[in-house]
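Structure first, then comments.
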Amino acid sequence: MIGEEQFPPGTEIGRRRFLKQTLFGAAALSIARLLPEGYVYAEVPKDIRGQLTFFSEQEYLIVSAASACLTSHTASETPPEKTIDVALRADRFLSDEQPEIQEQVHLLLTIFNSAIVAFFFHFKFSTFLKMDVEAQNSYLDGWMTSWFNFRRTGFQALKRLCMSMHYTDSRSWDEIRYHGMFMLEEQQ
Amino acid sequence: MIVRGKEITKPLRESADVCIVGSGCGGGPTARILARSGRKVIVVEEGGYYTAADFDGTEGTAYRQLYQRRAGQATEDLAITVLQGRCVGGSSTVNWMTSLRTPEFTLDQWWRRFGVEGLGPLDLEPYFDRVEKYLNVRPEPEWNHNPNNRIILDGARALGYRTIVNGRNANGCVKAGACGLGCPFGAKMSVDVTYIRDAVQAGATVFADCRAEKIEVNGKMKRVSGNVLDAVTGKVKTDFVIEAPVLVVSASAINSPVLLLKSRLANSSGELGRNLTLHLTTAVLSLFDRVIYAGGGIPQSAICDEFLNKKGDGGGFWIEAVPIYPALAAMAMPGFGASHRQMMKEYVHLGASIVLVKEIDSSGRITVNRQGRASISYELGSRDLGYLKQGVATAAGIHFAVGARKVMTLHTTPTNIASADDVDSVLRSARWGMNELVLFSAHPLGTCRIGKYPKAAVVDSHCQTHDVQGLFVIDGSVMPTSLGVNPQVTILAIAEKSAEWIAENFPRRS
């Protein structure tokens, strides 16, 4: 099929450059990929399991937990009809993505949940999933404000994914009083 | 005729007088003029074909249907989100309709630095006039600005800064504010409902969902080949080959150089893919007691241009309003967690302005990655960074001048500025490295730059490649410098002029 050709030498730049071309990024990547998947401390609901097409169960849990911290919305405090499953929406969104992006997301989640990475940067040998909510928030804050570019980049990618999946769902709009295209008269 | 990918069930083989890759501000006018001159014109467009009935004014639908990489396109380090349309009509389908002529100092730079001929202010004036008349470009009356644009008008005026009211290409606008999501009311005079519609009426054929992958040159004939895509999944359905003596690449400053690099064409200068400018953009958000509802009303109607080329160095910045839809606001808003959620609850009270830097010492480049797609790299120059900082400080001052309670920048480490007196000290302590400040671009330009000299430019002053006769690049990629204004009128005018030259210099085959 057209599009399979080789491209001129010197024109290829992998999208993982931010990971591979920084010392700590490369180290973290190497170590994190050698580790077995961490113990899963929560279970993916049965009705969700069959629906996942992109995330592994562990990845689903990581994104769910990160999303709860990032958007500050948890399922327990929201009525079921208003609950937005950000991780499931992200799974559907990413399943149509290009392979290069998909590979990046898998890598990011592996590194993000890695106990080695957490130990290296936060002196806590714990996966993200194993942390309590307070520690998870602190961990995310560390990624957001890090001096290392690859961590800030990873944070932004995770934040944008979760925020976009949450706030493109119209069930999130009542809380922020967004009513679509037109400003309501009462707001005027 | 416009043919969607789903209607193409077997390999497509066509020939024409002119083949155009891309249907945006470059390809649209070119198709219209050449189809009206009696030529057989075929346009191939990577994105889908949608009409007002397909638009529901929501981000979820629009980003999926209308934007390149579903609005997730970014530089290699993910530091700068690069927004582009990907549909029939290109970015004109999703822009905010700001229609401005190229500043004279920019056109002067092109002539002095690159020897560009025939694109001076007087040369382009009749084309600007024609574009503006055709697209019904008109500035808004004073009473028509939404509260978010009033922040700029009133705030800048209060501080003694110059402001302008920009023209917009609309007809029958209902002020819904959904311009960036595809106009559901058919009021936006975008390329798909103007130039492309006229081209089709004159006999042109548009194949949507067709991504060009390679160009081959055989004597005077050019052969463009590529894949027909499933509009929903993006998967390859079948392939196409189109032959024509004149081939116009109008695939944008991101994708035109990719197509030419993959085809190993038009790069004897070594400049192909280089000189990328982004009109680098960041924003300030502010909290008001009154309702602003920055996602509604006319999104962009006022500009503060006091600081553009103020030092005569061709650089500087300007400030525009920006409509903030919920997901866009949430992604850009600094921080996360409870404080972020609390700020989102204040959504209707948020004002937002963008600061756009006309670059003079930044450098960007497009290369081809392993998958054959664009890889965007960009380094911010020190002078441009200086203008970016000054722009953010100026925008914050404008918001405080009209009663903002608090101003936030888009630094990843949240910055909350409580008063106009605090602006300088807060911004001085902020970090300005890549991925320390959320940056955007909606105006990538310059990767196939125009110029008189084949050793320094990809195309000549008629947008024909220096290397291959009959191979043209007509889109934002030919701009040799950052423009300093939203680029659609400039691209449309240059496209009209170049298409006329093609009509005069390349005879019809039949």
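Only the coordinates and a few stated rules stand behind these numbers; no lab work does. The structure presented is a predicted model; accordingly, all values stated were derived computationally and were not measured. Note that each Cβ is placed from the backbone with ideal geometry, even for glycine, and that neighbours are counted across all protein chains shown.
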What is the percent of Cα-Cα separations in the protein assembly as shown that go past 34 Å?
-> 44
Ordering of B:230-237, B:3-10 by burial proxy (mean other Cβ atoms within 10 Å per residue, highest first) = B:3-10, B:230-237
Inter-chain shielding metric for B:117-127, i.e. average beta-carbon neighbours from other chains within 10 angstrom, reads 0
Percent of alpha carbon pairs in the range B:1-135 separated by more than 18 Å?
-> 68
For the protein assembly as shown, what proportion of DSSP beta bridges, expressed in % and rounded to the nearest 5, is antiparallel?
-> 70
Rounded to one decimal in nm, the spacing of the 7 Å Cα→Cβ label points at B:ARG130 and B:ARG370 is 4.8
Part-to-part distance (alpha-carbon centres) for the range B:391-433 and the range B:233-311, which is given in Å = 28
Net lengthening on full extension, B:VAL3/B:LYS345 (0.36 nm per residue, minus Cα-Cα) | 118.7 nm
Here the FRET efficiency for B:VAL241 versus B:THR51, based on Cβ atoms and R0 = 35 Å and rounded to 0.05, is 0.80
Rough spin-label spacing in nm, given labels placed 7 Å along Cα→Cβ, for B:ASP108 and B:ARG405 = 4.7
Would you work out the relative contact order for chain B, in percent, from Cα pairs under 8 angstrom that are 6 or more residues apart?
-> 24
Pull out the extension gain between A:ASP47 and A:PHE148, defined as 0.36 nm times the separation in residues minus the alpha carbon to alpha carbon distance; nm, one decimal.
-> 32.5 nm
Using modelled amide H (1.01 Å from N, peptide plane; none on Pro or chain starts), what sits under 5 Å from the amide H of B:GLU213, excluding residues fewer than 5 places away?
-> B:SER225, B:GLY226, B:ASN227
Any of B:LYS220/B:LYS452; B:LYS10/B:LYS214; B:LYS6/B:LYS133; B:LYS455/B:LYS497; B:LYS133/B:LYS310; B:LYS237/B:LYS497 with alpha carbons more than 27 Å apart? Name them for me.
-> B:LYS6/B:LYS133; B:LYS133/B:LYS310; B:LYS237/B:LYS497
Kindly identify chain B as rounded, prolate or oblate by the Cα gyration tensor criterion: order the square roots of the eigenvalues as a ≥ b ≥ c, call it rounded if a/c is under 1.5, otherwise compare a/b with b/c, prolate if a/b is larger, else oblate.
-> prolate
Ordering of B:76-84, B:117-125 by burial proxy (mean other Cβ atoms within 10 Å per residue, highest first) = B:76-84, B:117-125
Shape parameters for the range B:239-332, alpha-carbon atoms, Rg then Dmax in Å = 20.4, 62
Sort A:52-64, B:277-289 for me by packing, meaning the mean count of neighbouring Cβ atoms within 10 Å per residue, highest on top.
-> B:277-289, A:52-64
Going by the alpha-carbon gyration tensor, a ≥ b ≥ c the square roots of its eigenvalues, is the range A:54-119 rounded (a/c under 1.5) or, if a/c is not under 1.5, prolate (a/b greater than b/c) versus oblate?
-> oblate
Under 19 Å from the A:THR74 label point (7 Å along Cα→beta-carbon), backbone N, the range A:84-101 | A:84-88
Contour minus end-to-end for B:LYS10 and B:MET221, with contour as 0.36 nm per residue of separation and end-to-end as the Cα-Cα distance?
-> 73.6 nm
Relative contact order of the range B:420-482: what whole-number percent is it, with Cα pairs under 8 angstrom and at least 6 residues apart?
-> 29
Shielding of A:167-178 by other chains, given as the mean Cβ count within 10 Å, works out to 6
Given Cα pairs under 8 Å that are at least 6 residues apart, what percent is the relative contact order of the range B:134-284?
-> 13
In terms of the Cα gyration tensor, with a ≥ b ≥ c the square roots of its eigenvalues, is the range B:383-425 rounded because a/c is under 1.5, prolate because a/b exceeds b/c, or oblate?
-> oblate
Apply 1/(1 + (r/R0)^6) to the Cβ-Cβ distance of B:SER419 and B:ASP361, taking R0 = 30 Å, and write down the FRET efficiency to the nearest 0.05.
-> 0.35
Plugging the Cβ-Cβ distance of B:GLU142 and A:PHE119 into 1/(1 + (r/R0)^6) at R0 = 41 Å yields, to the nearest 0.05, a FRET efficiency of 0.10
